[in-house]
Structure formats: structure tokens, C-alpha cells
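Asks: Next up is a structure, given as C-alpha cells.
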Amino acid sequence: MRRNRHSERDQLELFRALPGDLAPRDAQDLMAYPFFSLAKTKRTVPIDFRARAIAIRVEAVPEHGMATIWDADVLICAASQIVEARDAGLKTSRLMATPYEILTFVGRGSSARDYDRLKAGLDRLQSRMVLTSIRQPAKRRGHRFSWINEWKETADANGRAFGLELILPDWFYAGVIDDALVLTIDRAYFHLTGGLVRWLYRLVQKHGGRQDGGRSFDLVHLHAKSGILSPLKHFAYDVRQIVQRQALPGYQLVLTRGPDGTERLNFAPRLLMPLTARLRQRGLITNSEDNL
């Protein structure tokens, strides 16, 4: 007996992107862990990350390379649309239709070259495989997926390209629908040009909070968590440059060094008492460290 086979697209109801200037939202799991290449050059070396019960492996095909943190802007746009619709009481779906205004949402141009770059990013998002234990109910269980199950261009009645339709993976969609797993980000994020500074902003936004005294990470831990291929000394130099420029929207950054020589990145929202003053009160920095 011949069975009727239905594609995933046939089983999903189409969710059309909402118009208007939406607040950018990001998925917390993507902010906290190394899922993307931070380099603009092609990367095919896998990311392998383990910390306690968390395991992540990201693989890339040689043809397209690993999806980058700039490609992840598509997922930020999708998350923003889904949360906005959900909060308005509208029905959402993993099958999304969005016009090419997705490019303006993430602060890019609308030239043919920009469209081509967007489509190349979609190929990377679809072709790479992610295996993770995050949000899995039992130990030693993993969820394998691509960031986009499939995508296609859409056209108007005259055959002119209009926008995109894409299918998001269940792992990502489930995390976005859960309000506790999504955070609003500053629109200035899209104007950050470096991969490391983008990654660092997302991590700090995830962990920054409003705690008295801010938060901190040692650079060895940050280096491992970034998934970056460059050695620790190069990573540390780049972080120092970011601190010197105070490049993260909404946050003040300070580097301190412990008695054992370990460097730590301290960060706190700028609306709180200046971070340097709090650290100086605790004897953690001197005046000469303020401009590190």
C-alpha cells in the first residue's frame, strides 16, 4: 500500500512577518554558548564545547563553511517577529514568510550584493549541523538540527523577487516561544562590526543583569566559551582593545588582575554606579587600571 508523504512545509501554517519597527529579541541559549563562527573568513573546523552537563558540537560543510555571528541576525529577526506576534495574541509558526526588509531590520543595505550575502548566510544556516544537550530532558541525550530546515525566495505577481520563506527548527522555536528564554537587545548591536565584540555583547547582555557590583568572567573561561580558534594571548589582546574602546552598548567594562595573575573582565550596566568606582572601593583596581 502506498503511503501519502507530506513535506514539513505542508504540515505547518504560514506565519507572515509583522510590519513596523519591532524591538530586537535574542534567544538566551544562543547568547550564552558558542554556536557561531566569529570570523568573516570561512571556517570548517568544528566547535566542540563542554561545561558540566552542557555539550555542544557544531559542524560545517566545506562548501559553505560554518554559519557566522552575522548570519545569526536572521535568527534574531525571526525571534523578534515570533515574540511580537505571540504577545499580540497572534498565532505563530516555524514556517515564516518575511520580505527583504529583514535586511533593514538588522541594519544592512538593500543592494543586490546585500541580498546575495543574505542568501549565502541562509545557506550556511541550513547546511551546518548542531548537536547539543541543552534543554534535553535526560542526560546523554542530544538534539541534532540545522538553524534553518529549508528556505526559498518568493516572488510577486510579476515574478520579481519579494522576500523569503523559511522553516525554523523546533529546538530554536521552542526556546523563543518560552518567554524566559528570550531577551531584548540594543539595536546598536547590529552596528558592531567585529565578531568578537558582537559575541561579547550577547554574552554580557545575557549575564549582565542589575546586580550590585556587576558580573565578571576570567579570560581563560571566556576564551573557551567563545569557540574561537585564535590562541588565548590573541584573544586577550582583542578583549583589551574592546575594553579600551568601551565598545559594548549599555555596559561599562573593566579588566582586573588577581593575585595569581589571572585577568578578569568585569561588566555592569552603565545606569548603575560606575563599575570602576565600585571596584576601587573593594580594592580590586587602582587608578592606573581605569583605562585598561
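The values are calculated or read from the model by the stated rules, or taken from the named source; none is laboratory data. Bear in mind the structure is a predicted one, so any value in this text is a computation, not a measurement. Here Cβ is always computed from backbone atoms with ideal geometry, including for glycine, and neighbour counts include all displayed protein chains. Keep in mind that these areas ignore ligands, DNA and RNA; they rest on the heavy atoms of the full protein, side chains included. Shrake-Rupley method; radii C 1.70, N 1.55, O 1.52, S 1.80 Å.
Asks: Given the options ALA155, LEU181, TYR201, identify the residue whose Cα lies farthest towards the positive end of the charge dipole of segment 141-237 (+1 on Cβ of Lys, Arg; -1 on Cβ of Asp, Glu).
Replies: Most positive-ward Cα: TYR201.
Asks: With every protein chain present, what is the per residue accessible area of the chain (1.4 Å probe, Å²)? Walk me through the intermediate numbers first.
Replies: Values: 15030 Å² over 292 residues.
About 51 Å² of surface per residue is accessible.
Asks: Send over the semi-axes of segment 1-60's equivalent ellipsoid, whole angstrom and largest first, taken as the square roots of 5 times the C-alpha gyration tensor eigenvalues.
Replies: Values: eigenvalues 195, 110, 42 Å².
The equivalent ellipsoid of segment 1-60 has semi-axes of 31, 23, 14 Å.
Asks: With labels modelled as points extended 7 Å from the Cα through the Cβ direction, what inter-label distance (nm, one decimal) is found for LYS119 paired with THR44?
Replies: My value for the distance between the label points is 2.4 nm.
Asks: About the Cα centre, and with charges only on the beta carbon of Lys, Arg (+1) and Asp, Glu (-1), how big is the dipole of segment 48-184? Nearest 20 debye, please.
Replies: Details: 19 positive and 18 negative charges, 146 e Å.
With Lys and Arg at +1 and Asp and Glu at -1, about 700 debye.
Asks: Over all alpha-carbon pairs of segment 120-206, lay out the pair-distance distribution in 5 Å bins, whole %, shortest bin first.
Replies: Over segment 120-206, the share of Cα pairs per 5 Å bin runs 3, 11, 14, 15, 23, 19, 8, 5, 2, 1, 0 percent.
Asks: Through the Karplus equation 6.51 cos²θ - 1.76 cosθ + 1.60, θ set to phi - 60°, convert the phi angles of segment 65-78 into ³J(HN,Hα) values in whole Hz; use x for Gly and Pro.
Replies: Along segment 65-78, the couplings run x, 6, 4, 9, 5, 6, 4, 5, 4, 4, 6, 5, 4, 4 Hz.
Asks: May I pose another question? Running Debye on segment 66-173 with equal point scatterers at the Cα sites and no solvent, what base-10 log of I(q)/I(0) appears at q = 0.19, 0.21 Å⁻¹?
Replies: -1.04, -1.21
Asks: I'd like the distance separating the alpha-carbon centroids of segment 81-119 and segment 130-183, in whole Å.
Replies: 13
Asks: At a 10 angstrom cut-off on C-beta neighbours, averaged per residue, how do the peptides 220-232, 9-21 rank from highest to lowest? All intermediate terms of the calculation are to be shown ahead of the outcome.
Replies: On the way: 220-232: 16.5, 9-21: 12.2.
Averaged packing, sorted descending, gives the order 220-232, 9-21.
Asks: Count the lysine pairs in the chain that are 8 or more places apart or on different chains: how many have C-alpha atoms under 16 angstrom apart? The partial results should precede the final answer.
Replies: On the way: LYS40/LYS119; LYS42/LYS119; LYS119/LYS152; LYS206/LYS225; LYS225/LYS233.
Within the chain, the lysine pair count is 5.
Asks: May I pose another question? With +1 assigned to the C-beta of every Lys and Arg and -1 to the C-beta of every Asp and Glu, and no other charges, what is the dipole magnitude of the chain about the Cα centre in debye, to the nearest 20?
Replies: Numbers: 44 positive and 32 negative charges, 165 e Å.
It works out to roughly 800 debye.
Asks: Sorted by packing (mean other beta-carbon atoms within 10 Å per residue), highest first, where do 144-154, 256-266 land?
Replies: Taking the mean over residues of other Cβ atoms within 10 Å, the ranking is 144-154, 256-266.
Asks: Still on this structure: Accessible area of the chain with a 1.4 Å probe: how many percent of it is carbon plus sulfur?
Replies: On the way: 7470 of 15030 Å².
Its accessible area is 50 percent carbon and sulfur atoms.
Asks: A further question follows. To the nearest 10 degrees, how steeply does helix 195-208 sit against the main Cα axis of the chain, on a 0 to 90 scale?
Replies: So the helix axis and the longest Cα principal axis differ by about 80 degrees.
Asks: Kirkwood-based Rg over Rh for segment 1-147 (C-alpha set), two decimals?
Replies: On the way: Rg = 16.9 Å, Rh = 17.1 Å.
Radius of gyration relative to Kirkwood radius: 0.99.
Asks: Each residue of segment 153-170 in order: what ³J(HN,Hα) in whole Hz does its phi give by Karplus 6.51 cos²θ - 1.76 cosθ + 1.60, θ = phi - 60°, with x for Gly and Pro?
Replies: Whole-Hz 3J(HN,Hα) from phi for segment 153-170: 7, 10, 9, 7, 5, 8, x, 7, 4, 10, x, 9, 10, 9, 10, 8, x, 4.
Asks: What list of ³J(HN,Hα) values in whole Hz, one per residue of segment 234-242 in order, does the Karplus curve 6.51 cos²θ - 1.76 cosθ + 1.60 (θ = phi - 60°) give from phi, with Gly and Pro shown as x?
Replies: Result, ordered by residue: 6, 4, 4, 4, 5, 5, 4, 5, 5 Hz.
Asks: Also, I was wondering about something else. Helix 112-127 against the longest principal axis of the chain: what's the angle in degrees, Cα atoms only, rounded to the nearest 10?
Replies: 90
Asks: Separate question: Pull out the extension gain between GLN11 and TYR237, defined as 0.36 nm times the separation in residues minus the alpha carbon to alpha carbon distance; nm, one decimal. Walk me through the numbers before you get to the answer.
Replies: Working: separation 226, 0.36 × 226 = 81.36 nm, distance 4.98 nm.
Length difference between fully extended and current span is 76.4 nm.
Asks: Of the options VAL83, HIS234, LEU103, report the single residue whose Cα projects farthest towards the positive end of the charge dipole of the chain (beta-carbon charges: Lys, Arg +1; Asp, Glu -1).
Replies: HIS234
Asks: If packing is taken as the mean number of other Cβ atoms within 10 Å per residue, what is the order of 77-84, 191-198, highest first?
Replies: On the way: 77-84: 22.6, 191-198: 17.4.
Packing proxy ranking, top to bottom: 77-84, 191-198.
Asks: With r defined as the distance between the Cβ atoms of GLN136 and LEU229 and R0 fixed at 25 Å, what FRET efficiency is calculated, to the nearest 0.05? Walk me through the numbers before you get to the answer.
Replies: On the way: r = 27 Å, r/R0 = 1.09.
Once rounded, the FRET efficiency stands at 0.40.
Asks: A follow-up question, please. Please quote Rg/Rh for segment 125-170 to two decimal places, taking the Kirkwood radius as Rh and restricting both calculations to Cα atoms.
Replies: Values: Rg = 15.9 Å, Rh = 12.7 Å.
Expressed as Rg/Rh, it is 1.25.
Asks: Further question: Quick check: residue separation of LEU90 and ALA161 times 0.36 nm, minus the Cα distance between them. What number comes out in nm?
Replies: Working: separation 71, 0.36 × 71 = 25.56 nm, distance 2.68 nm.
Working it through step by step, the gained length comes to 22.9 nm.
Asks: P(r) of the chain in 10 Å steps, Cα pairs, percent per bin?
Replies: With 10 Å bins starting at 0, P(r) equals 6, 26, 33, 22, 10, 3, 1, 0, 0.
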